[in-house]
Structure formats: C-alpha cells, structure tokens
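Asker: Have a look at the structure that comes next, please.
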Amino acid sequence: WRSSAICKPWQSGGFLPPFWERCQPPIREGINTTAGQGQQVGVQEKQVLEDLEMPLARRETETLFQEQPETGNQYLEDALLQSYLKTHLPPQILEEVNQDLERFGNRLLTKIQPLGWECELNPPVFRQYDAWGQRVDHIVTCSAWRRMKEIAAEEGLIAEAYERKYSSWSRLHQAVKLYLFSSSSGGFNCPLAMTDGAAKVIESLGVPGSLKNAFDHLTSRDPKKFWTSGQWMTERRGGSDVANGTETVARKQPDGTYRLYGFKWFTSAADSDVTLTLARVEDAEGQVEQGSRGLSLFFLKVRDEEGKLNSIQVQRLKDKLGTRQMATAELWLDGTKAELISAEGRGVASISNMLNITRIHNVIGAVASMRRMISLSREYARKRVAFGKLLKDHPLHMRTIAQMEVQTRGAFLLLMEIVRLLGLVETNMASEQDQLLLRLLIPVAKLYTGKQASAVAVEAMESFGGQGYMEDTGLPVIVRDTLVLSIWEGTTNILSLDVLRSLTKSQGQVMTVFFSTVQKKMELASSTAKLEPAAKRVRDAVSHLTGFMQEAGSRGAATMELAARDFSYSLARIYAGSALLIEHAARPGASSTDISAARRWCNQELCPVGTEWRNSSYEAEEALTDSALVYEGSPACHARL
C-alpha cells in the first residue's frame, strides 16, 4: 500500500496491518465538516482520478494501484452518537463525557487498533507439556492481548458502570466506550462481557463478604489488580438447554467449600482469572436432582496462589470460525475448589442478571461491527474508481450503503434505549414500566441486531469487490467475528421463545407497556409533517400487531411458538426503528438525514407477524408441511417424523 507516512512492520513475519490501520502521520485529527477539510477531500479525490491517467511505465513502479480507506477518530466521525449524547445527557455530564470519548477515540486510532491486529495475527496457543514432560496445560497469549487487559482497566471499561459517577448515565457512558472499543479490541470485548456479567451477579447478591475481594478486582481500574471472568455453562450436550445438559456435580467439603467434577465443553476466555459455573450439588447419598431445580451457581478461581491450575485440565483449544484471538477451551474439572454463591437449586435464576448483561454486550458488538464496516465502506467509496468515476458517484452504490446505514441507525438507537433503561434500574430510578420494558427489549435487541450485523457485514464486504475477500485487508476478520453474534448468548429461535416467556410471566403487562411507550414516542412526530407518512405506517403496524395478538392468543401456545420469530422481529422493527428513529428525527435540531433515516426504516415491512398471520402461515397444517419440505428425499421421510 502506498503511504506518505513512514511505516514500521507490525510483525517480523511480514504480515501487513489491515489497510485502515496502517501507520498514521504523526498528527491526525478527526474528520470534521469544515470548509477547509472539504477542500482537502476534493483534492484527494482529484488526485485519485489523475492517478488513473498515469503512464503505464510510471504506474508499474507503484506498489498497488488502489487507495486504501482511512478512518479517523471513531467518536468524532459518528454523527448519530454525538447527536444522541447531546440530546439526552445533562450538559455537565455531556461536557465531561465528550472530552473522555474524544480522548479515547484518539487512543483507539493510535494505540489500540494496532494491538487488535496483533491479537488477530497471534492467536492463543495451547502448550500441554513442558520440556521435561511435566503437564502444565498452559494457554499462551500474545503480549498485545495482555496489553488489552491493561487498557480495559485503565479506561474503566467495567469500572465505569459500577462507580456510577454519572448516576444512571454511567451505564450508558460505559456502553458507548465499549461500542467504540469493540471493533478495535482484537476480541477482548468478549472477556469484558463475561467480566461485566460476573460483577453484576455479585452485585445482585449484595456483594457478600466472601466475594468482596473478587468484586473489587473485577471492577478495578488498576491494571495490576484487574481480573477478567469466564462463563463456564456449556457442557458436552451443548446448547442453551443448561437445565438438561449440565452434568457437572459439586461435592461439599468439611470446610464448607465444594469440589466440582465434570466436563465443560465450551469455555470462552479460558485464560481468565475467575469464572462462574453451574453444577448439581450431591446429597449425602451421592444423588443429584435433575432439571433446572438441581442447578446451583458457583464461583471459582482458575489458579491458586502459586499460579497452578485449580484441579483443572485443559483438553484442547476450540477451532472456531471466528473470534480466534480469544482462547476458548474444553476443560475437565477434577476436584476444582469452588464457592457456592447462589441458594442451592437457584443457579438458573441467579444467572439471569449475567445473561442480561452479556446479551447487551452482544448488542454492543453487533452495532459496533456494523458501524465499523460502514465507516470503511464509505471511505473506500471516496477513493475507488470504477467505470470512470469514484464509487461514491455511482447512485446504486450509495443507495446500498445508505440502506446499511439506516439499519445501523435503528440498531444503535435500540442499544442506547436498553442501556438507558438499565442505568435507571441499577440506580433505583426505574418505574415498574421501565423494568418490564427492559425485560422485553433485551432479548428482542439481541436477536435482531445479531441478524442485522451479519447481513450488514457481508453486504459491506461486497462493497469492496474482490478486495473485500482478501485476508490481509482485515475485512474477513470482522465478518467472521460478526457471525457468532446470532449464536452466542442464545440463538435467534431460543431468544424468540424467551420473548414469549416475558409475555407469560408478566401476564401480558409487558405488551401493554410496549404499546403505550410506542404511542408516547410517536406523539412527537405529529409536529413534523415530513414524518407523518412514517408515523402512519407505524400506527398501521401497531394495529396489525394488536390484531395478531388478539386472534393468535386464543389459538394456544403452539401457534405463538410458530410465530415467535416473526413476532420478535415485529417488536424490533416497530420499537427500534420506527418509534426510536422517529423520536430522534422529531427532536428540535434534527437533521434532514435523521428524518430520511426514519422514513426509510418505516418503508420496510414493520409487522411481518401480521402479514404471515393473514397468510395462514402458523396453522397446524403448515407446521406439518415444514417437516415434509425439509425431509423430502431424506431417509427420514420413510420414517415417522
């Protein structure tokens, strides 16, 4: 790649950094829409076109003909983020947060992004034995990964949420920093998600004395004291069905501690300091209770004071499609010392707080990956010439990126809404309606943004043409790491069923709150004539959703289960895009692009469950046809399905 800056190799092996992370000039400012910078952009575009006309002999001396996209300070280049904070944060908090985020954006650009690429080039390695044949089960991580842990502490990426310097806005401040950090973190956003979840569980238990030290380490800003936590739930049967898949047993010791015995099939961030895990407590006869009532929650340190593994054997590291920067392992627990931290048999209930946090982190990662890919795509469009003009001058190309931008904006505002509500809950400022709404929106946001992120990442990669498929650009890394987001912390179908559970447990109250909240947000649109067509589409979608619930509710659980996915998508599209985008576009000082984003979002099918209901897609006969379609031609079609 050509560059006027003097670049140093990232890696002795000769690997190039991804093109957006190449060495920067000594001084680099964020891109602002000032006249001078606009002229500079025009000069750059003119130079690209002039380069196209170079004599062949001269062009042959160049290292590569295409120009690489360059992005600046992520915070300063994110107009939606800045406008959201300006709209919602109190002035004094806004001033301090703005300064912190601008500083952090510069650190991301100059220090953190290069470390993230090093993590990708140097994934963890498992060393089972030392030179003398002694089993050590050592997971070797690179220096950049270890530096990420220090940076996470220094920036307070966990601490910020628990210090509550800004009261209910502290959780939002933390989420924004994680959003900026995620795509540059080299996969370190994942252990931070589990660390945040562990801290939340301990806090929800009242920070008992035995866990005070652990909580202080998990929420520390001191790199020397900061701990990360794992989350060891999945066993050999795999999946989200921990009630029936957990085989690990816990045997009580005379000193009141427990020893755990079992096999953990998928343990993310296996190099963490501590972890939370589920197990079944054996009674005096060595028997355990099956099902969710037999599960209890335990806390354990991965290593003892001497640095030796806590009766844990590492079987192997998992060979994953993406997130290869992070060590995920299969572990044997063979008498692992642990502390029971939930009431016996209340393990599943105790991890609900953790799941809420990790699912929100999943949403953060999804929105961050979308924003990153669009930032790169739009910059590339200013430099890549095809068919005689820049990509940005091809209307179809810009329409494609604009469609991705609309999806990203809806997802971003949904993320901000749930962390705003979480902040209120954590500071005892939330109403009962706020709590119900948060319970509904977390699974809705997680399942929907996971799907959005995969679609946007793949579409954005395509916008680079063949170059997007090249490993050394770094784009395939983002795509691979994004694909896990619809799987981790519950697949789309699992979370759709969780949405239905929120309706059942609240006896329908959560939907009453949903509809009333949408209506309140929509009232703002009445003062903006340009938003009226979008508002009408939302009102129509709400009417269709209400009609579906009234009719399908009388059909029984089977009908709702078939419709669960479409139902959840309908909630996401109506609330996330329609109500939130319209609310943002109706505020004083909203831009024309805010209005356009709201209108474009509302042009899509807002209530797919209503459409499918009218098409009789959830009838019992259709369910039977599903199986027939899937298994036609399979040996299974000759057996009873």
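The values are calculated or read from the model by the stated rules, or taken from the named source; none is laboratory data. Computed from a predicted model, the values in this text were never measured in an experiment. Because the Cβ atoms are built from the backbone with ideal geometry, glycine has one as well, and the counts that use them run over all protein chains shown. Calculation scope for accessible area: heavy atoms of the full protein, side chains included, ligands and nucleic acids excluded. Shrake-Rupley method; radii C 1.70, N 1.55, O 1.52, S 1.80 Å.
Asker: Restricting attention to region 395-414, does a residue exist that is among the small types (Gly, Ala, Ser) and at pLDDT below 95?
Answerer: No, that holds for no residue.
Asker: Sticking with this one: Going through region 149-175 one residue at a time, which ones are part of a loop (DSSP other than H, G, I, E, B) and open to solvent by less than 10 Å² (accessible area, probe 1.4 Å)?
Answerer: Residues satisfying the conditions are GLU155, GLY156, LEU157, ILE158.
Asker: Looking only at region 189-221, which residues are within 19 Å of GLU426 (Cα to Cα), of a type outside the set (Val, Ile, Thr) and in contact with a strand residue (DSSP E or B) (Cβ under 9 Å, 6 or more places away or on another chain)?
Answerer: Answer for region 189-221, where residues must be within 19 Å of GLU426 (Cα to Cα), of a type outside the set (Val, Ile, Thr) and in contact with a strand residue (DSSP E or B) (Cβ under 9 Å, 6 or more places away or on another chain): ALA193, MET194, ASP196, GLY197, ALA198, ALA199, LEU218.
Asker: Kindly establish whether PHE263 is open to solvent by less than 40 Å² (accessible area, probe 1.4 Å), assigned by the TED database to the domain that holds ILE312 and either more than 22 Å from LYS318 (Cα to Cα) or not charged (D, E, K, R) (or both).
Answerer: yes
Asker: Can you tell me which residue within region 203-251, out of those that are open to solvent by 20 Å² or more (accessible area, probe 1.4 Å) and aromatic (Phe, Trp, Tyr), is farthest from ALA269 (Cα to Cα)?
Answerer: Among those residues, the one meeting the criterion is PHE215.
Asker: Further question: Please specify each residue of region 456-479 satisfying the condition of being assigned to a helix (DSSP H, G or I) and open to solvent by 40 Å² or more (accessible area, probe 1.4 Å).
Answerer: VAL458, GLU459, GLU462, GLY465, GLY466, GLN467, TYR469, GLU471, ASP472
Asker: Another question about this same structure. Can you report the number of residues in region 574-589 which are without any contact (Cβ under 8 Å) to a residue 40 or more places away in the chain and either part of a helix (DSSP H, G or I) or open to solvent by less than 30 Å² (accessible area, probe 1.4 Å) (or both)?
Answerer: Matching residues across region 574-589 total 0.
Asker: Mind checking whether some residue in region 176-190 is surrounded by fewer than 16 Cβ atoms within 10 Å (Cβ to Cβ) and not assigned by the TED database to the domain that holds TRP332?
Answerer: No, region 176-190 contains no residue that is surrounded by fewer than 16 Cβ atoms within 10 Å (Cβ to Cβ) and not assigned by the TED database to the domain that holds TRP332.
Asker: What strands (runs of 3 or more DSSP E) lie completely within region 295-357 and have 3 or more residues being closer than 19 Å to PRO254 by Cα and either assigned by the TED database to the domain that holds GLN128 or out of contact with any Phe, Trp or Tyr (no Cβ under 6 Å at 6 or more places or on another chain) (or both)?
Answerer: 295-301, 329-340
Asker: Please enumerate the residues belonging to region 480-502 that are open to solvent by less than 30 Å² (accessible area, probe 1.4 Å), in a helix (DSSP H, G or I) and touching a residue at least 60 places away in the same chain (Cβ under 8 Å).
Answerer: THR482, LEU485, THR492, LEU495, SER496, VAL499, LEU500, SER502
Asker: Among the residues of region 459-467, are any at pLDDT below 95 and in contact with a helix residue (DSSP H, G or I) (Cβ under 8 Å, 6 or more places away or on another chain)?
Answerer: Yes.
Asker: Would you confirm, using the coordinates I've provided, whether ARG614 is surrounded by fewer than 16 Cβ atoms within 10 Å (Cβ to Cβ) and among the basic types (Lys, Arg)?
Answerer: yes
Asker: Another question, if that's okay. For region 266-307, give me each residue that is buried (at least 21 other Cβ atoms within 10 Å of the Cβ) and of a type in the set (Lys, Arg).
Answerer: Residue satisfying the conditions is ARG280 alone.
Asker: With in contact with a Phe, Trp or Tyr (Cβ under 6 Å, 6 or more places away or on another chain), in contact (Cβ under 8 Å) with a residue 40 or more places away in the chain and surrounded by 21 or more Cβ atoms within 10 Å (Cβ to Cβ) as the only criterion, which of GLY450, GLY410 stands out?
Answerer: Just one listed residue meets the conditions, GLY410.
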